[in-house]
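Accompanying notes for the structure given below.
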Amino acid sequence: LASNDQSEQIQANVEQRYQKEIEETKQAHAAEIERLRAELVASSQTANTEEVERLRTELTESAKAEFDSQMQKMKQANEAEQDSLKSRMAEETSRMHQLQQESEEKFKAELDRIKQEMTAHHDVELQRVREEME
């Protein structure tokens, strides 16, 4: 009987130890699974962060390239507009000088005509006065 009780006690101890080992193993596995899950999340977050940063860099570079391209186009358009304005200014300046020259020539011609008329009138008056004096 004692041997039977002892055998049952040993069996109970073995079962208890076995259950304890199973529980410890379960807990160890659960802890390992949790650690791996946390590592996976962290790794995923790191990967996502790296991917987001890579995409942000790509977008930034793309946006910068697009901005540079637009700025270059605007600069070229501005230069073309400036060239056009310079050309028009040169034409207008040339036309203004031409008009000024024509105006001066007309003024000189009118002045010469008036001088001739005055000289002719003066000569006529001088002639009249001479004739009256004789």
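For the stretch 31-134, the alpha carbon convex hull comes to 71 Å³ per residue, rounded to a whole number. If you bin all the Cα-Cα distances of the stretch 1-82 at 10 Å, starting from zero, the percentages per bin are 14, 15, 14, 12, 11, 9, 8, 6, 5, 3, 2, 0.
Between 0 and 90 degrees, the angle of helix 2-133 with respect to the longest Cα principal axis of the chain falls at about 0 degrees.
Accessible surface for Lys86 stands near 130 Å², nearest 10, in the context of the full protein assembly shown (1.4 Å probe).
Carbon-plus-sulfur accessible fraction, the chain (probe radius 1.4 Å, protein heavy atoms only): 55%.
The stretch 61-80 and the stretch 1-45 have Cα centres spaced 68 Å apart. Number of Lys-Lys pairs in the chain with C-alpha atoms under 21 Å apart and a separation of 8 or more places or on different chains: 5. Placing dummy labels 7 Å off each Cα toward the beta-carbon, the span from Ser3 to Arg56 is 7.8 nm. Farthest toward the dipole's positive end in the chain, which of Met74, Ile114, Asn48, given Cβ charges of +1 (Lys, Arg) and -1 (Asp, Glu) about the Cα centre? Checked the options; the winner is Asn48.
Fully extending the segment from Lys20 to Ala47 would add 5.8 nm, taking 0.36 nm per residue of separation and subtracting the current Cα-Cα distance. Charging the Cβ of each Asp and Glu at -1 and of each Lys and Arg at +1, and nothing else, the dipole of the chain about its Cα centre rounds to 140 debye. Estimated from helical segments only, the mean residue ellipticity of the chain at 222 nm is -38000 deg cm²/dmol, where each DSSP H run of four or more residues counts as -39500 (n - 2.57).
The values are calculated or read from the model by the stated rules, or taken from the named source; none is laboratory data. Since the structure is predicted, the reported quantities are computational estimates derived from the model, not experimental observations. So basically every Cβ, Gly included, is an ideal-geometry build from the backbone, and we count neighbours across all protein chains shown. The protein model used for the area step is the full one, side chains on, heavy atoms only, and it has no ligands, DNA or RNA in it. Shrake-Rupley method; radii C 1.70, N 1.55, O 1.52, S 1.80 Å.
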